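J.: The structure's right below; bear with me while I get my questions together.
The values are calculated or read from the model by the stated rules, or taken from the named source; none is laboratory data. All of these numbers come straight from a predicted model, not from anything done at the bench. Here Cβ is always computed from backbone atoms with ideal geometry, including for glycine, and neighbour counts include all displayed protein chains.
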Amino acid sequence: MPKAAIYTTAAMLILGALPLPYGYYMLLRIIACGAFAYACLIAYRMRGGLLPWAYGLFAVVFNPLIPIRLSKGKWMVVDIIAGATLILTAKSISSQER
């Protein structure tokens, strides 16, 4: 996954902590689920220890088909943690993909 895609997804997740229109959150679910699922696959192929499990968990949480219902306050925390996880692991994801 290119670093630009990783950082864009992370920025979208962090912005998700703000009060935005409902459509933004639906788009965010689709993009975040796809990004985390792909990152999970990359980390799994590279035997990333716990990293594939973390990415897989985030992919399930942001799954747009069977949404998980949380309060806005809890979603704010999840969005920030997910965005920070992508930022902190961006180097390993993009370098392991090659």
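J.: If you check Gly83, Gly23, Gly49, which single one turns out to be crowded, with 16+ Cβ neighbours inside 10 Å and either out of contact with any Pro (no Cβ under 6 Å at 6 or more places or on another chain) or in a loop (DSSP other than H, G, I, E, B) (or both)? Please lay out each step first, then the result.
T.: Values: Gly23 fails: crowded, with 16+ Cβ neighbours inside 10 Å; Gly49 fails: crowded, with 16+ Cβ neighbours inside 10 Å.
Criteria check complete, one pass: Gly83.
J.: Which one of Ile42, Ile81, Ile66 is of a type in the set (A, V, I, L, M) and within 16 Å of Met12 (Cβ to Cβ)? It would help to see each step written out before you state the result.
T.: Numbers: Ile42 fails: within 16 Å of Met12 (Cβ to Cβ); Ile66 fails: within 16 Å of Met12 (Cβ to Cβ).
From the options Ile42, Ile81, Ile66, the qualifying one is Ile81.
J.: Can I ask one more? List the residue pairs whose Cβ atoms are under 8 Å apart, where the first residue sits in segment 1-18 and is over 13 Å from Gly83 (Cα atoms), the second is among the small types (Gly, Ala, Ser) and assigned to a helix (DSSP H, G or I), and the two are 6 or more positions apart or on different chains.
T.: Met1/Ala35; Met1/Ala39; Met1/Ser94; Pro2/Ser94; Lys3/Ala90; Lys3/Ser94
J.: With the checklist (1) farther than 23 Å from Lys91 by Cβ; (2) at pLDDT 95 or above in hand, flag the one item Gly56 doesn't pass.
T.: That leaves (1) as the condition not met.
J.: Let me ask you something else. Output the number of the condition that Val60 fails; it satisfies all remaining conditions of (1) more than 13 Å from the chain's Cα centre (by Cα); (2) assigned to a helix (DSSP H, G or I).
T.: Status for Val60: all satisfied but (1).
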